[in-house]
Every structure is written in structure tokens, then in C-alpha cells.
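The structure appears below as C-alpha cells.
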Amino acid sequence: MKICFVGYGISNKNLLNKIKNGPDEIYVSQNKDFNEEDKIFFLANDIKFEIQHSDLLKNCDLAIVSPGISPQSEAARIIFENNINYTTEVEYSWQLIKKVNKKSIFIAVTGTDGKSTTTSLIGHILKHYEPDTFVGGNLGIPLIDAPEDLQNYVVEVSSFQIFWSKYFSPEVSVLINLAPDHLNWHYDLNDYYSTKEKLLRRSLDNGGIIIVNEEAKNNLTLEKHSNNNRFLTFSKDMFDGKYVTYKDKRVRIENNIFSLDVLKEDLIAAVVTTLNLGIPENIISAAISSFKPLKYRLEFVDEINYIKFYNDSKATNSHSAYNAYKSFRENKYIAILGGIPKNEDLTLLLNELQVYAKGVFVFGEMCEELQKYSLNGKFIFKNNLEEIFLYLPELWEPGDKIVFSPAGSSFDLYRNFEERGEHFNSLVQKLREKYNEGS
């Protein structure tokens with residue numbers, strides 16, 4: 001079989017390393033040049049490659065597509081026009097594991113926001129009960145790097161990964177929420193929603209269960225499955241601030257990060273999922289109490305002169321940022337927006353900020369996008385984060401909270417949201433050093 005890796009990101013690179021010594025012919029195709037290290041590796045392993053999608057892709061039997069490859073790209077056009085079979089790393093890896101470990105349980109987590117936190121929390125709880133648990137996927141560690149003999153595999157999956165897979169059907173699929181996102185990648189909003197729904201349908205069709213946020217149901221076409229006892233739902237009403245109550249089970253919550261509204265869906269989804277996997281309430285409660293939030297997901301960074309700093313660099317769309325800022329409504333806060341917008345309507349987010357924020361700083365390509373809206377005097381436009389930090393002391397007062405939830409992708413000024421988050425934290429650290437020197 002001729003296998004062509006389309007795009008050479010970390011997941012495809014790791015998968016290629018896994019199968020390169022097998023009987024198949026391996027090709028690599030992408031629309032940009034490779035670095036010298038990659039070229040040396042290809043030559044040493046007799047792997048053909050092309051820097052423009054062309055003959056290698058056109059003549060392959062199977063395309064393993066990197067999630068970032070848009071369905072509207074040249075690569076996708078070649079795949080569809082030539083009827084080329086396709087898959088993606090997460091599906092290919094799942095098939096490899098299932099061949100040798102049929103009893104393994106896969107829990108896939110998707111949604112517009114909160115995927116990483118929910119995936120990590122489910123994995124954290126499961127590891128308290130069953131240490132043989134892998135946690136990864138789109139979250140960071142590709143599934144291909146997981147051992148093949150574990151009991152549980154908790155994987156975050158994006159709409160991109162679902163789009164390029166055909167058969168991936170986990171025993172449990174979790175949909176945390178659903179709102180407009182990635183409209184610069186998908187054909188339209190309906191394509192985005194229906195792609196998420198494909199994962200749920202596959203799980204149901206193959207005897208698995210799905211766990212869906214009640215608020216997301218209206219955007220799905222699963223009405224005929226609504227009475228299926230494997231179609232489970234959850235809502236924010238299950239959480240009263242101290243307990244999550246589900247089917248007469250009460251799980252005590254002893255972790256103050258879940259006091260933020262934006263994290264409640266993640267918490268409830270994780271509790272409902274693990275209860276349905278048979279994990280005892282006391283194990284779930286103990287695991288939650290020791291859970292540490294992920295970096296750059298509404299991460300508390302520091303408190304300097306009675307001013308608290310929060311880093312939510314992972315908020316790359318307006319829905320995520322809106323929920324983050326809504327969590328601070330009862331506080332005096334200064335908001336920071338930035339990055340590349342995703343062809344979304346920002347009205348809801350901007351109305352939230354105009355009513356509740358003390359001030360709103362904007363930098364990067366987001367500045368141009370916001371010029372399309374009617375804004376009040378709270379909005380201050382700067383070129384970059386450094387300029388914002390120079391100006392912040394003119395606006396803040398003791399008791400204020402500085403909340404960085406950008407609402408746009410990071411690629412205008414940074415390689416990824418992590419680099420953007422690191423930059424924000426480094427600027428807070430410089431402030432800390434400055435005030436320590438002055439004390």
C-alpha cells in the first residue's frame with residue numbers, strides 16, 4: 001500500500017516513525033519546504049517527499065491527513081477529486097490499538113471550549129481508580145505515542161480530527177458545549193456542528209454512550225436518539241457550588257478553581273462521564289480536590305499590590321472569552337483582547353465587556369476587526385502586550401483583576417497560544433520584580 005502523510009506536524013511525524021519500517025511505501029506531501037533535519041531523515045529512510053501537493057499525493061492509496069489541512073485546501077481538492085481513501089493520526093492509532101487490545105475503553109472529548117480541561121480532569125479521576133490510563137490526543141501527546149496495552153484512553157479530539165476520520169467510534173463520546181468556531185476552516189457553521197455530531201453518531205451506532213450538554217442539543221439532529229438510554233445529558237443545574245448531583249449520586253467538590261463559571265461545564269462533564277464508567281463518588285471527589293488547572297486556561301498567575309492576574313491565552317474564540325469574562329462579572333476587572341478573529345460575530349462578547357469591564361485593551365489583528373463595531377470609551381488599542389503592560393498602571397486600582405482572554409488565535413504575533421501565554425506570564429513576572437525592587 002502507498003501511504004501519503006499530508007502535512008508533517010507532530011502527530012503525523014510520530015506516526016510515520018512508528019510505521020516507517022513496515023511493508024508499506026511511505027510518502028510525505030506538504031505545501032511548504034521541509035527543514036534540513038527532516039530531509040536528511042527522509043533520505044536515510046528512503047521516504048519520498050514533495051513540497052507541493054502533486055504526484056505523490058495523487059497516486060497514493062491512503063492519505064493520512066494532518067488536522068490543520070482545511071477541506072477547502074489544494075490537498076483536500078486532490079484527495080476528493082481522486083477518490084483517495086483518507087484518515088487521520090488519531091483514527092489510525094485507534095485502529096492499531098484496537099487490533100491488539102480489543103477490551104480497551106476509549107473516551108473521546110470534544111466541544112467548542114473546555115476540551116483540554118475536561119480531558120485532563122477525566123484522565124486525572126480515572127488514574128486515581130485505574131492507573132493504566134492514557135491522556136492525550138489533541139491535548140498534546142499524540143495517541144500513536146500511547147502504550148497499546150492500557151485499560152483506558154482519554155483523548156481530546158478536535159473537529160478537524162473528526163472531519164478527516166471515517167470510523168473512529170469511542171466507547172464514550174463527550175460533547176461539552178457547542179458554539180460558532182473555526183469558521184475560517186469549515187465550510188460554514190452547519191459543517192462545523194455536523195462534524196462534531198459525526199463522532200456522537202459513531203459511538204451510538206457502535207454500542208457506545210454519548211454524554212452531551214443540554215444546551216448543545218438544539219444544534220444537533222439526534223432527536224430520534226433522545227430516548228436511547230445510551231444518550232446521556234448534563235446541565236449546569238447539576239452543580240450547586242459544593243456538589244455535583246447526577247442520578248442520585250452526589251460528588252463533593254473541594255477545589256476552588258471550579259467556582260469560575262467557565263470551568264463548571266468541564267467539571268460536570270467529567271463527573272457525569274466518570275460516574276457512568278463506574279467510578280465511586282468518593283474516588284471522584286478525592287481526585288477533583290487534587291486537580292491542578294492547566295496552564296493558560298484561566299490560570300491564576302500572581303497577585304501584585306492587591307491586583308490579580310489571570311491568563312486565559314487558550315481562549316481563541318469569542319465564545320470561550322465571553323464565558324471567561326462572565327465569570328468575573330461580580331469583580332472589578334480589566335480585559336485584554338488580541339489575536340486573529342475567526343469570522344465570528346463578536347457582539348455578545350463586546351456587549352459583555354462594555355457593561356461589566358472597567359477597561360478593555362486590544363492588540364494585534366483584533367484591533368482592525370473591532371473597528372467594525374460601535375464601541376464605548378472603555379476600549380484602548382495598542383500594538384502589543386508590552387505596550388499594554390506599560391499603560392495598565394494608569395488604569396488599575398487595588399482589588400482589580402487583569403484578565404487576559406484574547407478571543408482570537410495567536411498566529412498574528414506568536415507561534416501558538418502557549419507562546420502567547422508564556423509572554424503574558426513573563427510580563428507579569430517583570431512587574432513582580434519591579435515592585436519587589438521598589439518595596
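The values are calculated or read from the model by the stated rules, or taken from the named source; none is laboratory data. In this text the structure is predicted, and so the values were computed from the model without any measurement. Here the Cβ positions follow ideal geometry from the backbone for every residue, glycine too, while neighbour counts run over all protein chains shown.
Summary table
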item	result
Pairs, first over 13 Å from Ala407 (Cβ atoms) in region 346-373, second surrounded by fewer than 16 Cβ atoms within 10 Å (Cβ to Cβ) and polar (S, T, N, Q), C-beta under 8 Å, six or more apart	Gln354/Asn376
Index of the failed condition, Asp188 passing every other in (1) free of Cβ contacts under 8 Å to residues at least 60 places away in the same chain; (2) surrounded by 12 or more Cβ atoms within 10 Å (Cβ to Cβ); (3) closer than 20 Å to Ser158 by Cβ; (4) of a type outside the set (Gly, Ala, Ser)	(2)
The listed residue being under 24 Å from Leu346 (Cα atoms) and either modelled with pLDDT of 85 or more or buried (at least 20 other Cβ atoms within 10 Å of the Cβ) (or both), out of Glu281, Glu215	Glu215
Failed criterion for Met1 (all others in (1) touching a Lys or Arg at 6+ places or on another chain (Cβ under 7 Å); (2) loosely packed, with under 15 Cβ neighbours inside 10 Å; (3) touching a residue at least 40 places away in the same chain (Cβ under 8 Å) hold)	(1)
Some residue of region 249-264 being of a type outside the set (Phe, Trp, Tyr) and under 24 Å from Gln161 (Cβ atoms)	yes
Near pairs, Cβ below 8 angstrom, 6+ apart or cross-chain, from region 154-165 (assigned by TED's automatic domain parsing to the domain that holds Leu143 and assigned to a loop (DSSP other than H, G, I, E, B)) to any residue that is among the aromatic types (Phe, Trp, Tyr) and surrounded by fewer than 24 Cβ atoms within 10 Å (Cβ to Cβ)	Trp164/Tyr86
When residues of region 254-269 are limited to those that are among the acidic types (Asp, Glu) and crowded, with 18+ Cβ neighbours inside 10 Å, the one modelled with the highest pLDDT	Asp266
Within region 91-137, tally of residues that are β-branched (Val, Ile, Thr), farther than 15 Å from Ser203 by Cα and either in a helix (DSSP H, G or I) or modelled with pLDDT of 95 or more (or both)	9
Unique residue being in contact (Cβ under 8 Å) with a residue 12 or more places away in the chain, touching a helix residue (DSSP H, G or I) at 6+ places or on another chain (Cβ under 6 Å) and crowded, with 18+ Cβ neighbours inside 10 Å when the list is Leu232, Leu220	Leu220
Residue list for region 80-105, filter: more than 28 Å from Gly208 (Cβ to Cβ) and not aromatic (Phe, Trp, Tyr)	Glu81, Asn82, Asn83, Ile84
Given (1) outside any loop (DSSP other than H, G, I, E, B); (2) modelled with pLDDT under 95, number of the condition Val251 does not satisfy	(2)
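For every residue, the table says whether it meets (1) in a helix (DSSP H, G or I); (2) in contact (Cβ under 8 Å) with a residue 60 or more places away in the chain.
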residue: Tyr391; (1), (2): yes, no
residue: Pro398; (1), (2): no, yes
residue: Phe411; (1), (2): no, yes
residue: Glu422; (1), (2): yes, no
residue: Gln429; (1), (2): yes, yes
